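Okay, structure first, notes after.
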Amino acid sequence: MATTCKYLIVIIFLTLLITGTYCQCPLNSLFIITRMTGAKIGGKTQWRVTVVNKCNCPLSQIILNCEGFQSTMPIDRTILLKRGDNCLLYNGHALSGNDANQFAYAWDTPFNLYPVSAVTGSPCK
């Protein structure tokens, strides 16, 4: 009986691992890359931000630290919603595993945007 129970637990664990529902993505799997586009908007440099999810699983509810963030060009609130010193990306929607998305803003210097939190989803690739 005890052996059967052990085998059952191992089978359940392996099933969760194989199907990806046991996957957890660390915050350092989110890369934030900021590059100058060369354009000027309202006299300020335009910056393109690329958010890359290097995890195999989708990440949603991505929160970035965006303390002091400003832009002379409007940014769609469904892409970047500023709440105090944090910003919600993509209205909380998931960024697929091994995928990237971009947005742009205009200011004198680039802001140090970095991930504060995210929720790992499934299925994992």
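For Ala118, the test of being touching a Leu at 6+ places or on another chain (Cβ under 6 Å) and crowded, with 16+ Cβ neighbours inside 10 Å is passed.
Within segment 59-76, residues that are closer than 11 Å to Tyr90 by Cβ and touching a residue at least 60 places away in the same chain (Cβ under 8 Å) have Cβ atoms under 9 Å from residues that are surrounded by 15 or more Cβ atoms within 10 Å (Cβ to Cβ) and of a type in the set (A, V, I, L, M, F, W, C) in these pairs: Leu59/Cys25; Leu59/Leu30; Leu59/Ala94; Leu59/Leu95; Leu59/Ala118; Ser60/Ala94; Ser60/Leu95; Ser60/Ala118, counting only partners at least 6 apart in sequence or on another chain.
Taken together, the criteria place Cys87 among residues that are without any contact (Cβ under 8 Å) to a residue 60 or more places away in the chain and closer than 20 Å to Asn28 by Cβ.
Could you list, in sequence order, all residues of segment 102-113 that are polar (S, T, N, Q) and either modelled with pLDDT under 95 or under 12 Å from Phe69 (Cβ atoms) (or both)?
Answer for segment 102-113, where residues must be polar (S, T, N, Q) and either modelled with pLDDT under 95 or under 12 Å from Phe69 (Cβ atoms) (or both): Thr109, Asn112.
When the test is whether a residue is modelled with pLDDT of 95 or more, within 13 Å of Ile32 (Cα to Cα) and in a strand (DSSP E or B), Leu64 passes it.
The values are calculated or read from the model by the stated rules, or taken from the named source; none is laboratory data. Not measured: the values here are computed from a predicted model. Every residue, glycine as well, gets a Cβ built from its backbone with ideal geometry; the counts of neighbours run over all protein chains shown.
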